[in-house]
Amino acid sequence: MSVNQLIGHTLFLNANLLKISGVRIEKDLDPDLPDVGGSADQLQRVFMNVMSNAAEVMEPKGGGVLHIATRHNLRDSRIVVHFKDKGTGIPWQNLP
């Protein structure tokens, strides 16, 4: 599967929620990512949860930016997907 296409499809499915929450999307997707094996449904569920959580924490502040980046780490042959939002974050005592 293509991780970038899966992100695009997930953004399409979450478009209304993101718009209502005032969330703008900035994408920096590596165009040369190799395809990966696995369950597209499960990975999409993870992406949906991350995007929904970001929208939920940014909405009370009037929205914000959700930055999504993908990279192919050639050194250890991994694909990295990075989400960054302007939400309040998880309190340190809840991180474990």
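The values are calculated or read from the model by the stated rules, or taken from the named source; none is laboratory data. Quick caveat: nothing in here was measured; it's all calculated off a predicted structure. All Cβ positions, glycine included, derive from the backbone under ideal geometry; neighbour counts span all protein chains shown.
Please work out which residue is modelled with the lowest pLDDT, limiting yourself to segment 40-80 and to residues that are part of a strand (DSSP E or B) and of a type in the set (S, T, N, Q). Steps first, please.
First pass over segment 40-80, keeping only residues part of a strand (DSSP E or B): 64-73, 78-80.
Next cut, of a type in the set (S, T, N, Q) only: 70, 73.
Numbers: Thr70: 97, Asn73: 90.
The extreme case among them is Asn73.
Within the bounds of segment 69-92, is there any residue that is surrounded by 11 or more Cβ atoms within 10 Å (Cβ to Cβ) and out of contact with any strand residue (DSSP E or B) (no Cβ under 8 Å at 6 or more places or on another chain)? Even if it seems obvious, please write down each step before you answer.
Initial filter on segment 69-92 (surrounded by 11 or more Cβ atoms within 10 Å (Cβ to Cβ)): 69-72, 79-81, 83-87.
Applying the additional criterion that residues be out of contact with any strand residue (DSSP E or B) (no Cβ under 8 Å at 6 or more places or on another chain) yields none.
No, segment 69-92 contains no residue that is surrounded by 11 or more Cβ atoms within 10 Å (Cβ to Cβ) and out of contact with any strand residue (DSSP E or B) (no Cβ under 8 Å at 6 or more places or on another chain).
Determine whether Val36 is surrounded by 10 or more Cβ atoms within 10 Å (Cβ to Cβ), at negative phi, modelled with pLDDT under 95 and in a strand (DSSP E or B).
On the way: surrounded by 10 or more Cβ atoms within 10 Å (Cβ to Cβ): yes; at negative phi: yes; modelled with pLDDT under 95: yes; in a strand (DSSP E or B): no.
No; evaluated as a whole, the condition is false for this residue.
For the subset of segment 1-33 comprising residues that are hydroxyl-bearing (Ser, Thr, Tyr) and under 20 Å from Ala69 (Cβ atoms), which member is surrounded by the most Cβ atoms within 10 Å (Cβ to Cβ)? So that I can check it myself, show each step before the final result.
Kept after step one, since they are hydroxyl-bearing (Ser, Thr, Tyr), are these residues of segment 1-33: 2, 10, 21.
Now restrict to residues that are under 20 Å from Ala69 (Cβ atoms): 2, 10.
Working: Ser2: 13, Thr10: 20.
Checked segment 1-33; the qualifying residue surrounded by the most Cβ atoms within 10 Å (Cβ to Cβ) is Thr10.
Given (1) among the charged types (D, E, K, R); (2) assigned to a loop (DSSP other than H, G, I, E, B); (3) closer than 24 Å to Met1 by Cα, where does Lys86 come up short, assuming only one miss?
Going through the list (1) among the charged types (D, E, K, R); (2) assigned to a loop (DSSP other than H, G, I, E, B); (3) closer than 24 Å to Met1 by Cα, Lys86 breaks only (3).
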